[in-house]
Structure formats: structure tokens, C-alpha cells
1. From the set of residues in the stretch B:305-316 that are out of contact with any helix residue (DSSP H, G or I) (no Cβ under 8 Å at 6 or more places or on another chain) and farther than 22 Å from residue B:384 by Cα, which is least open to solvent (accessible area, probe 1.4 Å)?
2. Could you please find all residues in the stretch A:202-218 being surrounded by 20 or more Cβ atoms within 10 Å (Cβ to Cβ) and touching a Lys or Arg at 6+ places or on another chain (Cβ under 9 Å)?
3. Those residues that are within 30 Å of residue B:444 (Cβ to Cβ), free of Cβ contacts under 8 Å to residues at least 40 places away in the same chain and outside any strand (DSSP E or B), I need them from the stretch B:212-251; list them, please.
4. Would a scan of the stretch B:367-386 turn up a residue that is under 28 Å from residue B:476 (Cα atoms) and open to solvent by 30 Å² or more (accessible area, probe 1.4 Å)?
5. Which of the residues belonging to the stretch A:95-136 are touching a residue at least 12 places away in the same chain (Cβ under 8 Å), of a type in the set (Ser, Thr, Tyr) and open to solvent by 10 Å² or more (accessible area, probe 1.4 Å)?
6. Restricting the search to the stretch A:87-125, which residues are over 18 Å from residue B:111 (Cα atoms), at pLDDT 95 or above and facing another protein chain (nearest Cβ under 7 Å)?
7. Is it the case, given these coordinates, that residue A:467 is of a type outside the set (Phe, Trp, Tyr) and under 25 Å from residue A:232 (Cβ atoms)?
8. Looking only at the stretch A:219-242, count how many residues are surrounded by fewer than 23 Cβ atoms within 10 Å (Cβ to Cβ) and of a type outside the set (Gly, Ala, Ser).
There are 2 protein chains.
Amino acid sequence: MSKKQFVEKITSMEDDFAQWYTDVVTKARLVDYSSVRGSMIIQPYGFKIWENIRDELDRQIKETGHENVYMPLFIPESLLQQEKDHIEGFAPEVAWVTHGGESELQERLCVRPTSEVLFAEHYKNIIHSYRDLPKLYNQWANVVRWEKTTRPFLRTLEFLWQEGHTCHETEQEAIEETERMLHIYASLCEDLLAIPVIKGRKTEKEKFAGARFTYTVESLMHDGKALQTATSHFFGNGFAKAFGIEFLNREGKLEHVQQTSWGFTTRIIGAMIMVHGDDRGLVLPPNIAPTQVRIVPIASHKEGVLDHAYELKNRLARIARADIDASDKQPGWKFNECEMQGIPLRVEVGPKDIEKGQVMLARRDTGEKQAVTLDALEQTITATLEDIQRTMYEKAKERLHEKTSHAYTIEDIEQILAEENRLIKAMWCGDEACENDIKERTGATSRCIPFEQETISDTCVCCGKPASDMVFWAKAY
Amino acid sequence: MSKKQFVEKITSMEDDFAQWYTDVVTKARLVDYSSVRGSMIIQPYGFKIWENIRDELDRQIKETGHENVYMPLFIPESLLQQEKDHIEGFAPEVAWVTHGGESELQERLCVRPTSEVLFAEHYKNIIHSYRDLPKLYNQWANVVRWEKTTRPFLRTLEFLWQEGHTCHETEQEAIEETERMLHIYASLCEDLLAIPVIKGRKTEKEKFAGARFTYTVESLMHDGKALQTATSHFFGNGFAKAFGIEFLNREGKLEHVQQTSWGFTTRIIGAMIMVHGDDRGLVLPPNIAPTQVRIVPIASHKEGVLDHAYELKNRLARIARADIDASDKQPGWKFNECEMQGIPLRVEVGPKDIEKGQVMLARRDTGEKQAVTLDALEQTITATLEDIQRTMYEKAKERLHEKTSHAYTIEDIEQILAEENRLIKAMWCGDEACENDIKERTGATSRCIPFEQETISDTCVCCGKPASDMVFWAKAY
């Protein structure tokens with residue numbers, strides 16, 4: 001029987017990237033759909049990936065002095081309205097609870113789209129003096145945004161995230177916090193998920209509703225579209241003024257606190273799929289893979305094979321997250337499932353391998369196969385997992401560079417994007433009118449003003465006036 | 001300055017148990033109130049307790065072969081209505097979302113009060129053959145029940161929990177699962193939280209909406225009222241029939257799956273407070289305490305004291321969850337805070353102790369204080385923490401026995417409960433009419449039909465007809 005027969009057909013990236021994505025998330029059994037529009041069921045395999053990301057991020061959040069809390073799911077309409085910019089930004093996309101049991105509520109409750117106002121109300125209660133500062137709180141929660149078009153992980157009615165909300169004595173300290181968390185997000189993307197990122201600041205137009213400024217971590221997907229992977233906001237004292245969060249400072253005077261918030265969501269799983277995946281399915285970086293090594297016994301009905309495979313599994317479980325597929329399915333089917341689910345390493349072992357004192361080791365990322373003797377097994381697997389992690393990052397980084405173009409006129413942008421989706425570096429005057437023009441004419445939005453600036457020309461790509469910043473532009477998820 | 005001056009006044013249990021409870025949850029900084037009626041803000045200290053419970057339960061859930069998933073927050077009204085008993089049970093207490101953004105929804109969505117119907121819909125999609133069984137899923141989530149009267153942890157509009165939902169080939173297997181999870185809950189209560197429990201079955205009247213039967217773990221609070229700490233339900237194939245969850249069995253015939261569900265909530269924190277707390281505040285069992293040992297330096301302005309205290313803290317951090325209160329507050333204030341927050345052990349160290357090469361060790365549960373030499377420190381602390389855990393459990397177990405009475409007539413129940421709240425053992429004929437009578441006349445509800453049966457008489461406590469079961473009755477939270 002040829003291997004082909006076992007291949008679960010998925011659409012190729014080339015043919016239809018959106019369909020490829022849907023095929024991967026469902027056939028790798030990350031999510032299932034339900035009768036709840038725009039919401040997803042995160043299945044065990046998808047949830048294990050999220051747990052691995054969450055646990056590592058939670059560790060880093062705690063290590064940097066933050067404490068976890070839990071805030072209510074509902075926000076009374078009047079509370080949401082207390083900060084003007086914030087309500088304007090979120091009102092069009094919230095779900096409203098109007099009835100509790102059999103009765104109509106006197107005041108509507110929105111299902112939290114984010115929890116700034118709840119934290120603000122609480123902070124007003126518990127902060128009185130500079131001795132109470134900083135307050136470094138975080139929560140892991142579900143939030144709801146009433147999106148019209150939805151796609152698993154990327155844009156869903158409900159998603160899971162962590163949202164940090166902090167209060168500080170000084171602007172300087174709050175800005176440092178905003179930066180600290182952005183860097184944690186960036187290194188989480190790069191080190192754990194092998195996703196290279198661009199760090200920068202959002203434009204005024206693209207910043208968070210109510211923030212003074214928003215820092216962002218942007219990444220590039222396989223199809224040349226950008227994705228905002230995480231954001232960190234500096235609020236100044238805007239919310240503090242709206243909610244009356246004041247403290248007695250070191251000089252004995254009342255002052256408003258300086259605030260930040262920052263969030264990281266299940267969206268990152270979508271990014272990981274679209275950065276690393278290929279036409280055979282998911283490709284998971286070893287650092288995050290629920291299963292790093294899968295043992296597949298060949299001709300497992302033959303005496304000794306299954307026992308030997310289980311021994312191997314127990315042996316490898318000491319150095320990696322290892323499991324075994326001991327089902328009675330055909331090896332070809334098992335190989336394809338392994339590939340569809342993006343398991344970094346597959347160890348094949350059959351009667352001939354046992355005779356020779358070896359196993360066959362197959363890499364998911366490059367497709368390479370090699371025979372490994374049993375005495376070199378641990379060493380080879382540890383080294384190969386490290387190499388896969390590094391190689392995946394480098395490959396993605398290379399693609400990021402390859403898919404980045406320079407543009408000097410708006411026609412350049414149009415022409416580049418007419419050919420294919422790419423990330424575009426272009427100078428900008430800082431005027432929102434130009435940003436709007438570019439979006440209207442090319443479909444590209446400003447992704448960020450990167451911290452690492454270059455001067456690629458002196459004039460704005462749109463209006464030709466003197467440029468203030470180099471900006472990354474792209475079509476985006 | 002006398003120690004009294006630093007005592008944060010809390011109401012005594014004797015004077016007003018409900019007010020004592022509210023004082024403890026707020027003054028120990030477990031929760032804060034917000035403008036969201038009936039919801040609570042779980043503050044860092046309260047959330048750390050929940051994280052400790054959650055992590056241990058999650059470990060045991062996974063160890064027994066279950067996998068975590070995540071289901072949508074919303075349930076379309078039509079889906080909720082698919083199982084008749086279930087919707088009847090929950091309809092009066094759900095929150096309804098009627099608007100998304102600016103538009104009215106075509107179909108109302110309820111905010112999940114529990115997720116049986118979502119799991120059922122998903123299981124119908126993914127279960128086809130006996131090879132797909134068992135399915136052992138669990139989720140950690142927030143749920144909403146539109147309660148009229150609420151109290152932190154005990155009864156809140158929104159609470160956190162885990163809900164397990166499983167599908168099995170046979171009734172026998174599903175019943176074993178229902179039992180397995182009940183036993184896990186019971187040993188979690190006893191071993192981790194030092195809360196003695198009674199395991200049993202709920203009556204038909206008190207069982208979960210839609211279940212064939214409900215197992216429960218009941219515990220007794222300091223004020224003689226009972227609290228249902230966890231439940232585990234066997235559904236038979238009721239939901240499977242309502243949702244069409246069928247599989248090809250080993251004989252190649254279509255059959256409905258057998259289901260269970262089971263849940264454990266933030267309510268347990270309320271139970272822990274009311275079982276162990278005293279008039280000085282919270283008393284936490286060491287196994288769950290976020291801080292097991294707190295170092296309090298005395299006269300910390302004197303040279304060497306603070307350094308010595310930090311050394312001790314680092315030394316103890318190797319064997320316990322240890323922290324230090326190095327603030328400039330008075331020792332008396334620190335002692336009281338330690339007691340209010342229920343920290344099991346306090347280590348006091350001042351200039352004289354340093355001179356003598358010792359520390360003062362104070363137990364929260366018994367109030368005992370002893371001098372311990374530095375070379376016996378680790379050994380003493382480890383042993384004392386174990387002793388506190390054991391002593392707390394035994395003390396609670398003793399109280400459970402002391403507060404349990406036998407009743408032979410309904411007048412007995414009335415008389416007992418007129419004096420004080422107690423747990424009552426009495427025989428029952430199995431008739432719901434008697435159960436209703438008892439509730440109406442005495443305020444006591446049937447807590448459970450315990451697995452460990454006794455025959456304390458032959459006739460029903462209410463109607464005098466032949467009795468079938470011994471039942472625990474009590475007023476309950």
C-alpha cells in the first residue's frame with residue numbers, strides 16, 4: 001500500500017491559504033466548530049499547546065513581580081462609559097446581557113471585552129499612598145468581542161488571554177513596565193514559538209482605545225500578511241483621572257497614578273500555524289509541542305516489537321515529552337497523523353531496526369530521516385530537538401527578510417502588493433491623512449513604527465513632505 | 001504598646017457568624033466587592049489559594065486520563081432547550097445576551113451556567129465508534145448563575161470551577177467514573193484542605209437537573225450548617241438520546257453513550273474559611289497556604305537583624321513556602337496580619353534570639369509558641385507543618401462528630417435545630433413528600449444518603465412508615 005493512500009487531503013497553501021488554514025486547525029484537531037457563531041471549541045491537542053504557552057508566560061509574569069487576580073465577567077454600562085475614548089472604541093463590539101433569569105435588568109451589563117474599567121474601579125478602592133504602589137496585577141480570562149467575520153484563533157467572538165494592569169508612582173516607571181512586558185512577549189515569541197518579531201509603537205490611529213501609546217509585537221505569516229501578536233499599552237493618568245485613582249505621594253500631595261495594560265491571547269496559536277505550517281499540516285516548535293517525540297512501532301504484531309517500543313518510550317520520556325502510537329492503524333496512517341499534528345520528531349522502530357540495534361529518526365521540519373543507534377539515542381534526540389527549534393526560527397527569520405520590501409511612493413506599495421502580500425518599509429510624515437490614504441489605496445495598514453529605525457528616504461511615501469519615521473506597512477489579520 | 005492596639009477588629013463568630021465571614025474574606029484580603037452585583041474580585045491572596053487547589057486537582061484529573069478542553073461561553077437558547085429536565089432546572093437562573101454591538105440577536109444566547117449541552121453537541125460530532133470511547137474531557141472555566149442573594153465564594157453570580165464531562169461505552173464504566181471523581185474530590189478535601197467530608201448520593205429531589213443520580217461530598221461548617229463541596233453526576237444515556245450521541249458498539253450496533261459530569265468550584269474556599277477560621281481570622285491548612293512560614297524580624301532597625309531575617313527566609317524557602325515581612329510596621333501589627341491571613345507558622349527573630357542562636361516559632365492553629373535553636377530549625381518546621389495539617393483535620397473531624405445528632409421523629413429535628421444548627425442522622429422512607437415536609441417544618445434539607453449506611457431505627461422520621469435509607473439532614477449554605 002502506498003503512503004499516499006493514507007494522506008488526509010488538505011488544501012495546499014498555494015491554492016487557497018485561507019482554506020489551508022481551516023483544514024489544518026480542524027484536521028490537526030486543534031479546534032472544532034459549534035452552534036455558537038464565531039466561537040470555537042479548543043480540543044485537547046489545541047488546549048495543550050495553549051497550556052504550554054500559558055504556563056511559561058505565567059511563570060515569567062510572576063517572576064517579574066506580578067500577582068494574579070480574577071475580575072468579574074460583566075461590566076455595568078455606566079462603568080464602561082466612565083472613560084470616553086475607551087467606550088467609543090469598544091461599544092460597537094460588545095455583547096450585552098439584558099435579562100437575568102426571568103427579569104429584565106435595570107442596567108445592561110456588557111460581557112468584558114477587556115477589563116481596564118474593572119481594574120480602575122478596584123485600584124481606586126485599594127490605592128491610597130505611594131506605599132501601595134506599584135500594583136502589578138494580571139488575570140487569565142476569557143473576553144468577548146462581537147466580531148462579524150471570525151476565524152479560529154485569529155478572530156473569534158470569545159478568546160482566552162491574560163491581561164496585565166498595573167499602577168505606578170511615576171510616568172517613567174509605567175513606561176518601563178510597558179517596555180518590560182513587550183520584551184517578555186517578544187522573547188516568548190522568538191524563544192518559545194520560534195516566531196521572529198518586529199517590536200515597535202502603534203500609530204495614533206492604531207493605538208488602543210484610551211491609551212497614550214501602544215507598543216506592539218508584529219509578525220509575518222506565510223502568505224505575506226502581518227499579524228499583531230501582542231500589545232502593551234501606556235495609559236498615563238487618563239484612566240486614573242476618569243476613575244479618581246489618587247495616592248498621597250512622597251511629598252504628601254495627592255497625585256493620579258500612572259497605568260499600563262498588556263495582553264497576550266490564543267491568537268498566537270494562529271500565528272504559530274501560519275508561520276511554521278506546510279502542506280502536510282502543522283509544524284510545532286519543540287519548545288511548545290505537547291508531544292516532542294512520537295514512537296511508531298512498525299509491524300507491531302511481530303513478537304517483541306511492541307514491548308521494545310514501549311521500553312523506548314519510557315526511556316525517552318526522561319529527556320523529552322514522548323508518547324507512542326500503539327494503535328492498530330497502518331504505519332502510513334500514523335506517519336501522516338504525526339505530520340498533520342506537527343510532532344517535531346518521529347521514531348520508527350520495527351523488527352529490522354531491533355535486529356540492528358537502531359531506530360529511524362524522522363524530522364518534521366525538514367523531512368530528513370536518519371538511522372540512529374540505540375546508544376546514541378538520547379544524545380541525538382536532545383541535539384536534534386534543539387536544532388529543529390533553531391532551524392525553524394532561522395527559516396522564519398529568513399522569510400521575514402525575503403518578504404520585506406522598501407517603498408518610496410504610494411505607487412510602489414500598490415505595485416508590490418498587486419504582485420503578492422509583503423511587509424513594506426516606507427517613510428511617513430506622521431499625518432493620519434496619509435495613513436488613511438495608504439490604507440484606502442493599497443489595503444495596507446501601518447503595523448508599527450519600529451524601535452529600530454532606518455532612514456530609507458527623507459520624504460513621506462504618501463504626501464512627499466518631510467518624513468519623521470520609518471513605518472512597517474502590510475495587509476494584516 | 002499592647003498587642004491589642006493592632007488588632008483589626010472583626011466580629012466574633014459567636015456574635016454574628018455571617019458578619020464574621022464577611023469580615024474575614026475582606027480583611028484577609030481574599031476578595032473585594034465591585035459595582036457588579038453579586039460578583040467578586042478575587043484578590044492576589046485569595047487567587048493564590050485557588051491556584052494551589054486548582055493545580056493539585058488539575059494534576060489528579062490529568063493523572064486519571066482526562067484531557068483539558070475549552071468550550072464557548074455562550075449557549076444558544078435552542079441548544080439549551082434540547083434536554084427537557086436540564087432547561088427546566090437552569091432557565092430561571094441564567095443571564096441572557098440579547099444584543100451584540102448595536103444589533104439585536106435573532107436568537108438569545110445564555111451565558112453558560114454549566115456546559116452539558118455544549119459538550120453533548122461536540123461529542124455527537126466526534127464520537128462514532130466504540131474505538132472513540134471513553135472520552136474524558138475537562139474544562140476550567142467561569143460560569144454564571146443568576147442568584148438573588150449572594151456571598152463571596154459561597155454563592156456568587158459568577159464563579160470559577162472545573163467541569164468534567166465524559167462519555168463511556170457502558171453504564172458500569174460511567175458509574176465507576178462518577179465514583180472515581182467523587183473519591184478524588186473527597187480526598188482533595190480531606191488531604192489538601194483538612195476538611196472532613198461525608199460521601200453519599202443526593203435524593204431525587206436534590207439531584208442535578210437531567211442526571212440519573214448525583215453523588216455529593218458534604219461538609220459541616222463551624223456554625224453547624226452543611227455545605228455541598230462537590231458533586232459528580234451519572235447521566236445514563238439521557239443527554240445522549242436528546243442529542244443523538246451514538247456509537248457503533250463492539251457488536252456493530254448503534255448505541256447511545258453513557259455520560260457523567262462532575263464539578264469543583266471556588267466555593268471550596270468559603271468552606272475552608274468556615275471550617276477552620278476563628279475569631280482572629282483565617283486559618284489555612286499548610287498544604288494549601290500560599291505562605292506556610294512568615295519571618296517577622298523584631299527590632300529590625302538594629303544592626304544585623306534584617307540581614308539575619310533574610311538569611312533565614314532564604315534558608316527556609318528551600319523546605320517551605322516562606323516569605324518575610326520586612327516592612328516598617330510594628331511587630332504587633334505584623335503578627336495580627338499573619339493571623340488574619342491564616343499563615344500556619346510565624347518565625348519571630350530579634351536581637352536576643354540572634355544572641356541565643358534561636359528563633360521563636362508561633363503556630364496559627366493552636367497559638368502555641370516555642371523557642372527553636374537554629375540547628376533544629378528545618379526539622380522542627382517540617383514536623384510542625386505536618387502536625388498542623390493533621391491537627392486541623394482531626395479537630396474538624398471531632399467537631400463534625402460532636403455536631404451530629406440522631407433524630408427519630410420530626411419533632412426531634414425541630415427541637416435539635418431550635419437549639420442550634422447541627423447535622424442530623426435520621427431514617428427516611430424514600431418518599432419526596434416526607435422530604436418536603438421536613439424542609440417546610442424544620443428548614444433542614446436532605447444533604448445526602450451516605451454510602452456508609454447505619455440503621456438507627458426502622459421507620460421514617462417523618463411518616464413512620466418503613467424506612468429504606470439513613471439520610472443526613474441539615475440547614476445548608
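The values are calculated or read from the model by the stated rules, or taken from the named source; none is laboratory data. Please read these numbers as outputs of a predicted model, since none were measured by experiment. All Cβ positions, glycine included, derive from the backbone under ideal geometry; neighbour counts span all protein chains shown. The area values use the complete protein model at the heavy-atom level, side chains included, leaving out ligands, DNA and RNA. Shrake-Rupley method; radii C 1.70, N 1.55, O 1.52, S 1.80 Å.
1. B:306
2. Residues satisfying the conditions are A:202, A:207, A:208, A:210, A:211, A:214, A:215, A:216, A:217, A:218.
3. The one that is within 30 Å of residue B:444 (Cβ to Cβ), free of Cβ contacts under 8 Å to residues at least 40 places away in the same chain and outside any strand (DSSP E or B): B:212.
4. No, the stretch B:367-386 contains no residue that is under 28 Å from residue B:476 (Cα atoms) and open to solvent by 30 Å² or more (accessible area, probe 1.4 Å).
5. Answer for the stretch A:95-136, where residues must be touching a residue at least 12 places away in the same chain (Cβ under 8 Å), of a type in the set (Ser, Thr, Tyr) and open to solvent by 10 Å² or more (accessible area, probe 1.4 Å): A:129, A:130.
6. A:118, A:121, A:122, A:125
7. Taking the combined requirement at face value, the residue does not satisfy it.
8. 7
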